[in-house]
Every structure is written in C-alpha cells, then in structure tokens.
Amino acid sequence: MSITGVTATLSSADARSAHRNDQPARVVNDFSIQVATVNGSGSQTANNVLMRAIFQMGVPVSGKNLFPSNIAGLPTWFTIRASAAGYIGRKKETDFLVAMNPETGVEDVEKLDAGAAVVYDEPLNLSRVRSDVTFYSVPFDKLTVPVCPEARLRKLVRNMVYDGVVAHLLGIDLEEMRKALYKQFGPRKVKAAELNWNAVQAGKRWAEENLTKQDPYWIERLGTSGRQLIIDGNSALALGCVFAGVTVLTWYPITPSSSLAEALINYLARFREDPETGKATFAVVQAEDELAAVGMAIGAGWAGARAMTATSGPGISLMAEFVGLAYYADIPVVIVDVQRAGPSTGLPTRTAQGDTLKNVVLSHGDTRHPVLFPSSPEECFTFAGLAFDLAERYQTPVFINTDLDLGMNNWVTDPFPYPEEPIRRGKVLTAEDLERLGGFARYRDVDGDGVGWRTLPGTPHPAAAYFTRGSGHNDKAQYSEREDDYVNNLDRLARKLEALRGDVPPPEIQLAPGAAIGFVCYGTSRYAAEESRDQLAREYGVAASYLRLKAYPFTSELERFLEAHERVYVIDQNRDAQLLGLMRLDLPVPLLGRLRSVRHYTGLPVDARSVTNQIVQQEGL
Amino acid sequence: MSAAAAPPRKTNRLGLEVISYKGGKTTLCAGCGHNAITERLIEAFWEMGVAPWKVIKLSGIGCSSKTPAYFLGLSHGFNSVHGRAAAVATGAILANHQLQCIVVSGDGDTASIGLGNFMHMLRRNVPLVYVIENNGVYGLTKGQFSATADVGSRQKNGIVNEMPPIDCCLAAIEMGATFVARSFSGDKKQLSAILKASIGHHGLAVIDVISPCTTFNDHEGSTKSYSYMREHEEPLHDLHFVPFFEDISVDYEEGTLREVVMHDGSRLRLRKLDRDYDPTDRMHAVAALHEFETTGEVLTGILYVDKTRESFTQSLGLVDAPLATLPQDRVRPPREALEQAMEELR
Ligand SMILES: Cc1ncc(C[n+]2csc(CCOP(=O)(O)OP(=O)(O)O)c2C)c(N)n1
Ligand code: SF4
Ligand SMILES: [Mg+2]
C-alpha cells in the first residue's frame, strides 16, 4: 500500500470503505487508538506517553481509560482519539487496536469495523480471527528481554515496546515520544526513563525492519502544543480549591473522587505552607466515613472555614442527613461529587451522571441545593472558586457534580486563568459591627435575599453568639415549633434559591438560525453533543441549536431556549433522564411537551454517534 | 487561705457574674440528671473564668443533647444531628483551634448511632471536652435501652437487657483519649472538680456521667437510677481542684495524696480512699474498670490522664491564627504558583 498521495481529509469511516475497495487513502489525525491490556501491568504510563507524544505534535487528542474495579489482573482499555477537527468526546469505534491482553484479544478484534488495524502480541495469534482488518504481529517478549535484563521489570517495560511500534506505524515523531516519556517519568526517575526509552527504541527499530505499513492511519504534525497542557479533571478541581483558599478538607476514599483529595493534599503541601513558619494554612482529615467527612466539613463551615469534602454517589447517600441540616441551618459547605455508575458493587470505575436529581434535592423535608456542572478541566478549576464563593455568600451547601470521565481522564487544556476576583466570604458580622449594631438576628432576612448575617464562633463580643439547630427556629435562632416560624424559614430559604439563580453561571448557548430542534446538555455530555450537532448537519442536513447548562438552579435562558425550539433533546448520562426530570419540576407546564430525552447509561462516556442515532430515530430522519 | 474557705464571689476573674454563663430555661423533666450536669457546667466555666465567647458547645440529638441551650448563652452553640457531634466539633476545632470546645452527648448518641465517630474522635485526641450524659436509655424517644444498659437491668415495661454494655470510659482509654473520668450527676463536688480540670486539659477529655432519667429509668431494677447510684457509687479518690489562678497550699499526710497538674497549671488533688490509684497508669486504669465490670459497683473519679500525647490540632501543624479568618493573601497562593503548576503539566 502506498503511503504517498494527498493528505485526505477523509473520516475513518470513509477510509474503511476506501480500504475495502482497495483504494488506499490516508486517514490523518482523525481516528482512535485502543490499547487493550491487563490492569496492574503498568500500561498506564505507556498509554500516557503515547497520548502526550500526539499532543506535542499539536494534534487535538483525548484519552480515556476504561478500567476495572480491581488492583491487578483484569482487562483494561485505553482509548486515544486524535481529531484534527477537535472532537474530543469518546468515539465508539476503534480504528487502531493494540491487543496485548490474551483474555480479551479475540473479542476486541471481533468488535472492530472492517478496515481497522491491529497490533498484537505474537502468541495471541489474532490474525486467524478475521481477514478484513490489517494485522501486525509483534513478538513483544522477545523484544523486551534484551532491553530489560531484570526479569521482574519486563512486564512493565514491555508496554513501552508497543509505544515504539505504534510510533513507527502511525508516523509519530520519535523525538516527541522521547520528550513525552521523560516528562512522564519526571526528573527523579531518570534511570527508569532510560530503561523505558530503550524499550521504545527497540520497538521502533524492530517495526522499521519487519513491518510493512498497510493501514491508512497517520498522525501528522499540526504544530506544537504551545501553552496547552494535559491534566485530569480531579487535579484541575483540586488546584481550583487551592486557589479558592480552601482551609479544611475532610474526606473518605472512594473512586473516582480519591485522586481529587490526593491531588489536593499534594498541592496544599506545596503551595499552602505559611512561608514564615512552615506551618499549614489548611487542615486535611481522612475521616472514618462520609458521615464524619461531611459532618466535619459542616462543623468547619459553621465555624468559618472554607470547608469541603469530595466523594461519589454512595458517599453522597451517606451525607444526606447532614446536608439537610446544613441547608436548614444555613451552613456553607462545598461537596464535590465525582459521579460514577451505581452502588459500590456496581460499576465503581465507570462514569455516569447518576446524581443529578439526587444532589439537587438531597436530604429530608424541602431542600434545593445549587449544583455546578463543570465540563472541562478549566471549568473544574474556575467552578471550584465559584462554589466556595456561592457557599459562603449564600450560606448553604453547594455541589460540584463532575464524573469519572472528567475527573480521572487526562484532558488537553489551555492554562487556567489566575483568579482575579477577591475571595467573597459572605455576610459575616465582626465584634465592631456588633458594637455598632447592638445585636443581630441570625436568620432575619434584612437584605431580602434570604440570607441572614452570621457571626463566627470566637467573635469577642457578648452579642455574637447564636444557637444553631436544624429543627424549627425563629429568625433570632431561638427554638420554635410555631407554624409561622417554620413557614417563614422555609420561605426565606426559597428566596435564597431565587437570589442564587442570579449568581450561578448562565448556560453556554449556540443558536442555529431557524433550527426547529435544540440540544440541552451538561457536564461531559457536551463533547458528544457538539459532535452530534455536526453529524446531524453533515449527514442529515438538520440544524440544531445547543444549550449547555453550567448550573442548577436553572436561569431564564433555559426557558427562552425552550420557547424558541419545537423539540428540545435533553442529554443525560443516566437511565431515568434526571436532568429532564428536574426541568419537568421547575419549568412552566406549557413548555414541557417540547422536551425529548437522549440517554446513555452504559458506564462509558456518551459518544456522538449514540446521541445522533437516538435523535435520528425520534425525528424519523 | 484554703480552697474550702474561699469566700463566695459574685464575679469571676473576668468580672463576669454567673448569669453570663447561664442559658435558656431547661425544658427537661424535673429531676432529670442532665439538669444537674448543666448546673455543674455553668459553675465550672464561671469559676474557671473562661470567656464565654471563646467557647463553642455542640451536641447530637437527645434530651442530653438539648442541654447546650441551657448553659453558656453567650457562646455559639450547635445542636447537630444524632450521633455526630464528634465529627461536627472536630471540624469546628479545625476551623478555629483557639476555641474551647464542649460537646454534650447521650449514651444513645455516643454508644449506638455515634459509636464510629466517637471512636475516631478518641483516636485523634481532638482537643475538646466530651460529656456523656449516661442514663442507660434513649430518653427522647421514650425509654428504649441504649448500648450502655447493664446486663440484667430492667426497663419499666419489664424487658430485661441481656447484652453486655459498652463502657465508654474503657473505650476512651483504649482508643487514645487523654483525660478520662466517670462521675454521677448527683455527686456535685466530684463532678465539679472533674469538669474544671477538664477545661484545663489540652487534649480530649471524655467524661461519662451517670445521669438518671427520672421518667424512663429511675425505677427498681434499673442500674442507672438515683437510688442505685447512691448505693453503688465507688469513688476512686476524694477530688480537690485548685485552679491555676489560685495559690493554695494544703498540708497533707505523706503518701495519701496524688497531684495531677493540668496543662493550664491547675492542680487536681486526688486523696486516696480504699486503694492507691495512679491515673497516669493506663494498664492500671483498664484493669480497674474490668475488675468492676461484674461487681455491680460503679467506679467514679479520674480514671486516666495522659499529658504527653499531642492533640489532633498540634499534630496537624496548623498556623497559630484560626484557619477560619486567615486573610486572602495567606490562603490564595501567588500567580507564580499557578504558573508553576501549569508549566509542570506542559
Ligand atoms: C438519624 C436519627 N435516628 C433516630 C433519631 C431519633 N432519636 C432522637 S433522640 C434518640 C436517642 C437519644 O438517646 P440518648 O443519646 O441516650 O439521649 P437521652 O435522650 O437519653 O439523653 C433517638 C433514637 C434521630 N433523631 N435521628
Ligand atoms: S425523658 Fe429522661 S432523659 Fe429526657 S428529660 Fe426526661 S428525665 Fe431527662
Ligand atoms: Mg440516654
């Protein structure tokens, strides 16, 4: 197969049909690579190096790790998508497979579309499975032994050999791969980096000498990565918290949120030690459970700290009682929910938007909580600061709902903007204020926004104290079971939500002129939604508008968007259309007939094709 | 001048009258042991001259947990959720470790629903005073057994408890609390001395106070009734408390007295009764409690004191100022820090 010819802007699907017709065409910077390995084999490093090398060639790229709830020995798949057009959502089809796992090899190959390419470990003998894909058989063990004399390291180093093979086949700049590798190992592991770099070179050399390129897939330099960087959403959110001035973090480990807390702990230790004394301007407690984790955060928020916890669905369930207390007692706290699929024995390492509805109404009685929906590392960073400001400004629990896809996968992003706005600590009365005012009523709505003024424990003034309780209280924070006091309090809390509505980030909107249909999405669904919009336009000639929610409570833009479109497709990564359910609760009844649902709940990130297919079906296209 | 002869004062060393340490009117049943503990707390904080605005008082849920509303009306209070005051108080202390913290809990609140959080507070040695108002039942939900009910103890309706009780003092000693005492709400002098001493302790003080529930657990057959306690209280020592701001010397017979100096300089004098008891000896304390498990007697007094262990906030290495009110320039790292973090990821 010739490797000359025009650099076609063909999609991989076009290329596959071209391949079938024996008319080779190059597919450049628009395909997906899947690496199938066993978890615990150290393949993550090799995969990150591969992704980073492509990134350094200026090609838009995304990486998604599909891993089991297990420490070692079960199948994992890492998918890298290169897309010159900038589509970074999951792509359903694999174009280029690296099959290293004997357990899943056959099935992985069977799942491919015709025209795909497969690099496989020789003993797996996968070329027998089918004849309509391109196979490259590589003797990984034989290649590893000479570069890695130490037998116990071979399992790890072996993965680097496939990086070299793939670099050769796809035309990845080896110098970029070398830089990526040394970056990945860092300055303190130079020896390990050398060993691994030898393995990459061995793979590359062997491929040069033994393989003939037969597939159409190529990576070509588009530039450089410039100021861009690679980060996972959890680290981005952790950084956001550091710069938002978080002072107390209390948490309990749960995938996929643990790496957020761990990243935060590292960043705090580096950036938040007092320069003069070396002491900590923060406190971190790994609590005994999520009840304690959120209880401590609430205690800290009550006493004036910028306090947070991070968890996932099962932890949120345990936090439910406390969140109700914080809501009724007006206590600021930030709760990050890195969502995953289902209960603890469900799909803890798979992604979902499973807590959308739950977090809005979490707890007992009448509760409504603001929830932020970041969709990118940059929003993870900026929304962290926003969440603390909202929590303290409105004296209430604020949720940040991310998910495993955003939190644990690596994303390419522009650098984050340094927060220019001052930290907003909300309505706090000092001893001097109290001296001037003579006293205060904790829950009196003096400003009409449902938010009373508070004092912090330790305020040196005899009029500073008030008594906090979840049960009925009047506006002076006195115990009360009177009907009017209870109603007044609930109504005040409702006014608070109204005021908050004006302070949450408005949705991102892209109107297609004359479009009859629109998309509503939130969080990580945006990538599939954006791409699906283009698919509908390209393949069906259907224009669709787009609205991405960044927060609950909903703002007026959403209502106007519904008014402007006949049918609005609400994309949820859950079975029960939770966002759509919330819209049903909150929006005017005459608009509800316009709502349609698109749902994806396999545990994998939603992909554009799945969205497009559901819309095509419902639109009868 | 001897302590016993100290003239009654109208104001404490801050010039505050006792009224500044009172709270709202109690809504508990007449004769409830919890009310007596409330009285002792008021006295203790007043006599020690603690500024009320430096105190936070927290609780879970139960009759006992209502009591923070009845003392220290000039202190911030928090009646939180059932069993979890330990967690909330831990968080509050993290936010401001300069505060003096008192938690009031019940036996149900601590030993049943809150046992997990209680245990971990012990491990951490969180600097606060944790009072368990122990009546062997759930008062507020009308008299069900709690996990501290003794084997053979009978409910009003005749049901007998067969389960071994959880001894919160034993747990406290084993798991890391550094001041552990047991008392009886009816033992004014002892309880008062223990509370005042606990205020001067820098780690976690756990005080289990047998506090009869007159409504649901004060009958014949109960082991937490007033009459049972009057007959079965077995004080380890006679306690005499000397606050750090009073300079008093007492003559005493060699070998009859032990003295524990609290972190604030106050002194607790333990006069020997039937046995020589060393409250700094952990094994001794544990053995004594086990020894009394089956006798039906209730050992009271200072069970254990450890002044060497770091408190939780000390071990966290926090800056001196409260985290809650650190200014922006101390909690938001500079621009270069963000640029550095970004550069590392390029
Ligand atoms: C989550 C939860 N479960 C149950 C209750 C009901 N409840 C209220 S007080 C209480 C028991 C209190 O017993 P204890 O702590 O011994 O306090 P006492 O009333 O005896 O002083 C229970 C079970 C509750 N408030 N919250
Ligand atoms: S029910 Fe028992 S514990 Fe509750 S207030 Fe009455 S006497 Fe006290
Ligand atoms: Mg009780």
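The values are calculated or read from the model by the stated rules, or taken from the named source; none is laboratory data. No experiment lies behind these values; they were computed from the predicted model shown. In this analysis, Cβ positions are derived from the backbone assuming ideal geometry, glycine residues included, and neighbour counts consider all displayed protein chains. With ligands, DNA and RNA removed, areas are computed over all heavy atoms of the protein, side chains included. Shrake-Rupley method; radii C 1.70, N 1.55, O 1.52, S 1.80 Å.
Numerical summary
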item	result
Selection status of A:Ile335, buried (at least 24 other Cβ atoms within 10 Å of the Cβ) and either at pLDDT below 95 or not in a helix (DSSP H, G or I) (or both)	yes
Selection status of A:Ala320, part of a helix (DSSP H, G or I) and more than 30 Å from B:Gln328 (Cβ to Cβ)	yes
Residues being of a type in the set (D, E, K, R) and away from ligand 1 (no atom under 16 Å from the Cβ) - total across region B:42-93	3
All positions within region B:144-201 that are within 14 Å of B:Val305 (Cα to Cα) and among the polar types (S, T, N, Q)	B:Thr178, B:Ser198
Any hit, region A:89-98, residues being over 27 Å from A:Tyr601 (Cβ atoms) and either open to solvent by less than 10 Å² (accessible area, probe 1.4 Å) or of a type outside the set (Asp, Glu) (or both)	yes
Number of positions in region A:184-236 that are among the charged types (D, E, K, R), within 14 Å of chain B (Cβ to nearest Cβ) and surrounded by fewer than 19 Cβ atoms within 10 Å (Cβ to Cβ)	2
Residue count for region A:253-271, restricted to those that are surrounded by fewer than 24 Cβ atoms within 10 Å (Cβ to Cβ) and closer than 21 Å to B:Thr313 by Cβ	3
Any hit, region A:359-380, residues being free of Cβ contacts under 8 Å to residues at least 60 places away in the same chain, in contact with a Leu (Cβ under 9 Å, 6 or more places away or on another chain), not in a loop (DSSP other than H, G, I, E, B) and not basic (Lys, Arg)	yes
A:Glu531 in contact with a helix residue (DSSP H, G or I) (Cβ under 9 Å, 6 or more places away or on another chain) and of a type in the set (Asp, Glu)	yes
Answer residue from region B:289-346, given it is assigned to a helix (DSSP H, G or I), polar (S, T, N, Q) and in contact with a Pro (Cβ under 7 Å, 6 or more places away or on another chain) and is nearest to the other protein chains (Cβ to nearest Cβ) among those	B:Gln328
